[in-house]
Structure formats: C-alpha cells, structure tokens
1. Conditions: (1) out of contact with any helix residue (DSSP H, G or I) (no Cβ under 8 Å at 6 or more places or on another chain); (2) surrounded by 13 or more Cβ atoms within 10 Å (Cβ to Cβ); (3) closer than 12 Å to Asp35 by Cα; (4) not aliphatic (A, V, I, L, M). Glu110 meets all but one. Number of the miss?
2. Hey, can you tell me all the residues within the stretch 57-87 that are under 16 Å from Ser103 (Cα atoms) and either of a type in the set (D, E, K, R) or part of a strand (DSSP E or B) (or both)?
3. So, in the stretch 61-99, how many residues would count as being surrounded by 15 or more Cβ atoms within 10 Å (Cβ to Cβ), over 14 Å from Leu44 (Cα atoms) and charged (D, E, K, R)?
4. Mind telling me which of the residues Glu89, Glu81, Glu98 ends up being free of Cβ contacts under 8 Å to residues at least 60 places away in the same chain, touching a Lys or Arg at 6+ places or on another chain (Cβ under 6 Å) and not hydrophobic (A, V, I, L, M, F, W, C)?
5. Cβ-Cβ below 9 Å, separation at least six or inter-chain, first residue in the stretch 33-56 and modelled with pLDDT under 95, second of a type in the set (S, T, N, Q): which pairs?
6. When the stretch 34-60 is examined, which residues are found to be among the β-branched types (Val, Ile, Thr) and either farther than 25 Å from Arg94 by Cβ or crowded, with 17+ Cβ neighbours inside 10 Å (or both)?
7. When you check Lys19 against the structure, is it modelled with pLDDT under 95, charged (D, E, K, R) and not in a helix (DSSP H, G or I), yes or no?
Amino acid sequence: MAKGASAGYFKVTPKAEVKAKTSVDRRRRSPLELDRLIHERLRLGIIGALAVNERLTFNDLKRLLQTTDGNLSVHARKLEEAQYIACQETADARVQTEYRLTSAGRRAFERYLSHMEAIIKAVRD
C-alpha cells in the first residue's frame, strides 16, 4: 500500500460482482470503489483514446494500443455492452469498424479520473 494511504480508502470490486451489476448499479456504487470496467488497462486505453478523438477505427485503436484483434474485440465489446462506447460498421470496399465514446462513457470516464485524482491527492497529503 502506498505511503499515507489508509487501509480501506478504495476498494476494487471483484469481477463476479461487476458482471452481476447493471449500468444503473454502477451509478450507485460506493465512492470508494473503482469502476472495474474502466480500470482494466486495455479498456482504460480505449476510453482514453476515444476521449481525445471523436472517432477511431478498429485498426487505429489496435495500432495505438499495440494489441491483437481478439484482445481489442473482447474489451471493446465489454465497453459497448455497458454503453460506454458505440460501434458503427461501414461497408465501402471492405467493412470498417469505427468507435466513439458515448455521453455515458464520457461521464463514467470523468468520474473515474476524479476518483483517481482523489486517491493521488490522499496519498500525497
């Protein structure tokens, strides 16, 4: 545990508990719990990249995050199921998948960042 952080300052919700929660439940979570959906490294990368870009293609995200097709697909699907991101497929010469951050996703990301800032502040104080 980081110096200055009190035990119990934040809690990471177990995966099984997160799966059982709905998006409504996420809003009622204790302010001491991290949003596990966003906290996972690759999903945080997806959300962060979409927060500063209006839209990104699947290949853009794959290149930016240096991950595989399968890994990106799985994590993007989880974010899409939570309605944090939206996916649109276009079929020109070939199918292209584009992602964008939804308003719910932006709010969740802002809450996550505020929470992390509070943790950092508590550790430094």
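The values are calculated or read from the model by the stated rules, or taken from the named source; none is laboratory data. Computed from a predicted structure; not experimentally measured. Glycine gets a Cβ as well: all are built from the backbone with ideal geometry, and neighbour counts include every protein chain shown.
1. Unmet condition: (2).
2. The answer is Glu80, Glu81, Ile85, Ala86, Cys87.
3. So the count comes out to 1.
4. Details: Glu89 fails: touching a Lys or Arg at 6+ places or on another chain (Cβ under 6 Å); Glu81 fails: touching a Lys or Arg at 6+ places or on another chain (Cβ under 6 Å).
Unique residue meeting the criteria: Glu98.
5. Partner pairs satisfying both residue conditions: Glu33/Thr13; Leu34/Thr13; Asp35/Thr13; Arg36/Thr13.
6. Keep residues of the stretch 34-60 that are among the β-branched types (Val, Ile, Thr), which gives 38, 46-47, 52, 57.
Listed by number, the residues that qualify are Ile38, Ile46, Ile47, Val52.
7. On the way: modelled with pLDDT under 95: yes; charged (D, E, K, R): yes; not in a helix (DSSP H, G or I): no.
Considered against the rule, which asks whether it is modelled with pLDDT under 95, charged (D, E, K, R) and not in a helix (DSSP H, G or I), Lys19 comes out as no.
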